[in-house]
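Accompanying notes for the structure given below.
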2 protein chains.
Amino acid sequence: MTVTARTTPAHGSTATRGSNRSGVATRTALVEAARRTLVEDGFARTSARSVAARAGCSQASLFYHFDGVPDLLLAVLDEVSDRRMAAYREPLLAARTPGQLTRLARRIAAADIASGDLRVLVELVAGAPTVPGLKAQVAERIARWEELVSQAAEHFIPRPLRSTVRPAVVAHAVVAGFLGLELLRDLRDDDAGTEDVLEDLEQVGRVAGAIAGGAR
Amino acid sequence: MTVTARTTPAHGSTATRGSNRSGVATRTALVEAARRTLVEDGFARTSARSVAARAGCSQASLFYHFDGVPDLLLAVLDEVSDRRMAAYREPLLAARTPGQLTRLARRIAAADIASGDLRVLVELVAGAPTVPGLKAQVAERIARWEELVSQAAEHFIPRPLRSTVRPAVVAHAVVAGFLGLELLRDLRDDDAGTEDVLEDLEQVGRVAGAIAGGAR
């Protein structure tokens, strides 16, 4: 990462920043502050002012590290997306029975709700269309998740059925479902709706697994 | 409807309003302007100022007809909800084969996208948590839709399975799915994702119907 200060180009080195935090630490603090502001206050209230205040730094510092608020929001999305991808990619692609897959879906949803990661995704997906330039970039990140879910779904859709129940289409529906459940969870301040859906899904997965196992 | 002007209580009658539109017409114009502002500009930009400007009336007129913007937003939600309920309630409860139900789902989604009604629902569900007092009222309206979908789902879930696949839980998932699909449709400026999901769902409905018919 280049840390040349734009405001003082003649002294562009980390040593001359006169801060008790390194540039990387400030950047990390800003991303974390923006993430928490999205989770706790929502997209509309995530501004340069609110994020800088939460991070305990100046707005000038924010604009030194990021091209603007949309750029910072994308850094949050990348942080959340990379962390989730590292945690979920392997188990999702390794699932081989409907029971494993639905148990995993439940575990992922619980973790994403507890961490606020699902909230971050919903805030960015819902808010991005109001900010020029942010929309396509958020869409591109969400597409990566659909791609992963599609790969996982392929293991469960027999080849002859894949033109009727297209794995990519199932993935789109699954991602939409997760986002919609989070919208309703927030509206009701209640986890029960999401938990019930994942519980019934897991039961169906268990039954489907038993039937498939018995049919073999 | 009482039309006593709050600002001129001594002359509280429709005849003294000095407007070339009746009170009811102004109220209707404000609801329609708010609906269109939600659809075209989103929740965050739906303010007393923007709605009054679109309706061609003053902000004073808006606050005369409504207790505030949240009250106006609920009037929009009620208008959309009542109109959709009148159109969809009967066919949803009359559907008896999976093919009928999934064809109907596709028709409803297409109509709700074309009219902007689905957009209104998403904007209000996503935006309500940021406005004190609006959240519970929006949640209550959405619950009516889950109740209807739950009743429709009961016809398709055999009684012994209803503790594993609970109709109310299926309804919650379906409503979440519709909302999530609309979020993604707006993010991508592309109807294809939603259309593909409904197309595959209809194909599954047709196959399920054929199997159920054959099994009888």
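Read-outs: derived from the displayed coordinates by stated rules, not from any lab. Owing to the predicted nature of the structure, the values given are computational and were not obtained by experimental measurement. Ideal geometry is used to build each Cβ from the backbone, glycine not excepted, and the neighbour counts take in all protein chains shown.
Could you state the number of Å between the C-alpha centres of region B:131-146 and region B:15-84?
Cα centroid to Cα centroid, the span is 19 Å.
Could you work out how far helix B:117-127 tilts from the main Cα principal axis of chain B, as a 0 to 90 degree angle to the nearest 10?
The answer is roughly 70 degrees.
For helix A:98-115, report the angle its Cα long axis makes with the longest principal axis of the Cα atoms of chain A; keep it between 0 and 90° and round to the nearest 10°.
30 degrees
Put a point 7 Å out from Cα along the line to Cβ at B:ARG49; what are the distances to that point in the other copies, in nm, shortest first?
Computed spacing set for this position: 1.4 nm.
Which one, A:TYR88, A:GLY99, A:VAL76, is farthest towards the positive end of the dipole of region A:38-128 when Lys and Arg carry +1 and Asp and Glu -1 on their Cβ?
Looking along the dipole axis, the top candidate is A:GLY99.
How large is ³J(HN,Hα) for each residue in region A:192-207, as worked out from phi by the Karplus curve 6.51 cos²θ - 1.76 cosθ + 1.60 (θ = phi - 60°), to whole Hz, x for Gly and Pro?
For region A:192-207, the Karplus curve yields 4, x, 5, 4, 4, 4, 6, 5, 5, 4, 5, 5, 4, x, 5, 5 Hz.
Output, in nm with one decimal and in ascending order, the distances from the A:ALA110 label point to the matching label points of the other copies (7 Å from Cα along Cα-to-Cβ).
In ascending order, 4.2 nm.
Local charge sum around A:THR37 (other residues, Cβ-Cβ under 13 Å, Lys/Arg +1, Asp/Glu -1)?
Local charge sum for A:THR37: +2.
Springs between alpha-carbon pairs under 10 angstrom, Gaussian network model over chain A: which of A:THR130, A:THR97, A:THR26 fluctuates most?
A:THR130
Any idea what the dipole of region A:21-65 comes to, in debye rounded to 20, about its Cα centre with Lys/Arg Cβ at +1 and Asp/Glu Cβ at -1?
Using only the charged Cβ atoms, the result is roughly 60 debye.
Just to confirm a number: summing +1 for Lys and Arg and -1 for Asp and Glu over residues other than A:ARG162 whose beta-carbon lies under 15 angstrom from that of A:ARG162, what do you get?
Residues near A:ARG162 contribute -2 overall.
Cα-Cα pairs above 20 Å in region A:101-186: how many percent?
Taking all Cα-Cα pairs of region A:101-186, the fraction more than 20 Å apart is 40 percent.
Could you work out the helix-only [θ] at 222 nm for the protein assembly as shown, with each DSSP H run of four or more residues adding -39,500 (n - 2.57) and the total divided by the number of residues, to the nearest 500 deg cm²/dmol?
-24500 deg cm²/dmol
Can you give me the relative contact order of region B:89-155 as a percent, contacts being Cα pairs under 8 Å and 6 or more apart?
Relative contact order comes out at 40 percent.
Binning every alpha carbon pair distance of region B:148-216 at 10 Å from zero, what are the percents per bin?
18, 37, 33, 10, 1
Net charge around B:ALA53, counting only other residues with Cβ within less than 14 Å of its Cβ (Lys, Arg = +1; Asp, Glu = -1)?
Surrounding charge for B:ALA53 is +1.
Report the relative contact order of chain B, percent, no decimals, based on alpha-carbon pairs under 8 angstrom and at least 6 residues apart.
Contact order relative to length: 19 percent.
Name the chain A residue nearest the rotation axis between A and B, going by Cβ position, and give the distance in whole Å.
A:GLY180, 2
Could you give the size of the charge dipole of chain A about its Cα centre, using +1 on the Cβ of each K and R and -1 on the Cβ of each D and E, expressed in debye and rounded to the nearest 20?
Using Cβ point charges on Lys, Arg, Asp and Glu, chain A gives about 580 debye.
What residue among A:GLU202, A:GLU140, A:GLU79 shows peak mean-square fluctuation when chain A is described by a Gaussian network model with Cα springs under 10 Å?
Highest fluctuation of the listed residues: A:GLU140.
Using only Cα atoms, find the angle between the long axis of helix B:167-188 and the longest principal axis of chain B, and express it within 0 to 90 degrees, rounded to the nearest 10.
Rounded to the nearest ten degrees, it is 70.
Run the dipole for the protein assembly as shown about the Cα centre, Lys and Arg Cβ at +1, Asp and Glu Cβ at -1, nothing else charged, and hand back the magnitude in debye, nearest 20.
Its charge dipole is roughly 20 debye.
Mind listing P(r) for the protein assembly as shown? All alpha-carbon pairs, 20 Å bins, whole percents.
In whole percents, the pair-distance histogram is 22, 50, 24, 4, 0.
For label points placed 7 Å from Cα toward Cβ, what is the shortest-first list of nm distances from B:ARG89 to its copies?
Counterpart label points of B:ARG89 in the remaining copies fall at 5.1 nm.
Regarding region A:69-215, what whole-number volume in Å³ per residue does the convex hull of its Cα atoms give?
So the per-residue Cα hull volume is 110 Å³.
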